[in-house]
C-alpha cells in the first residue's frame, strides 16, 4: 500500500487533536478562575445540590492515594503521560470511519493532560465542581475529569456499537 493510500485509510484522525487542546485550555482556564475567585474549602452555593468549592486533590479519582507520602504525584504523572502516548498512537491508527472513537480518545487525552499540568506545576489537581445531596457529598472534580468521563463513556458505548458493525461486515463478505 503506498503512502497516499495509507493516509486515506489510517492517520486521518490526528486532526481531532484540536479538541484535546480545547479541553486543556478550558480546563486550565476554569481552574485558574476557580483558584483566583474561590477561597480554599469554602463552598459557594450556585443552585441547590451544587456548590463551587476549591479543593486540591493529591490523589487520583475520588482522592485515591491522596494520603500517600508524595510518591503518587510522579506515579500519576508518569502513568498519564504513558497513557497519553498510547492514546495518540491509537488515534493515529484509527480508520477513517472511526470518528466516534477519535472524539472519545481526544477527550480522555485532553483531560489527562490538563490534570498532568496541575500535578507537575502545583503538586495536586485543582477541583472545584461539588455536587451533594443532604449530607452526602460527591467528590469535587473539574472539567478535565468531565472530559475523561465522557470519553470513557463513549468508548464503552462504542463497544456495544461494534458487534453490529462487524456482524454486518461479516454478513456482507459472505
Return the Rg/Rh ratio of the range 7-56 with Cα-based radii and a Kirkwood Rh. 1.29
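Given a Förster distance of 41 Å, report the FRET efficiency between residue 47 and residue 15 from their Cβ-Cβ distance, rounded to the nearest 0.05. Walk me through the numbers on the way to the answer.
On the way: r = 37 Å, r/R0 = 0.91.
E(calc), rounded to 0.05, equals 0.65.
All of the numbers you see were taken from the coordinates with simple rules; none came from a lab. This structure is a prediction, so every number in the text was calculated from the model and none was measured. Ideal geometry is used to build each Cβ from the backbone, glycine not excepted, and the neighbour counts take in all protein chains shown.
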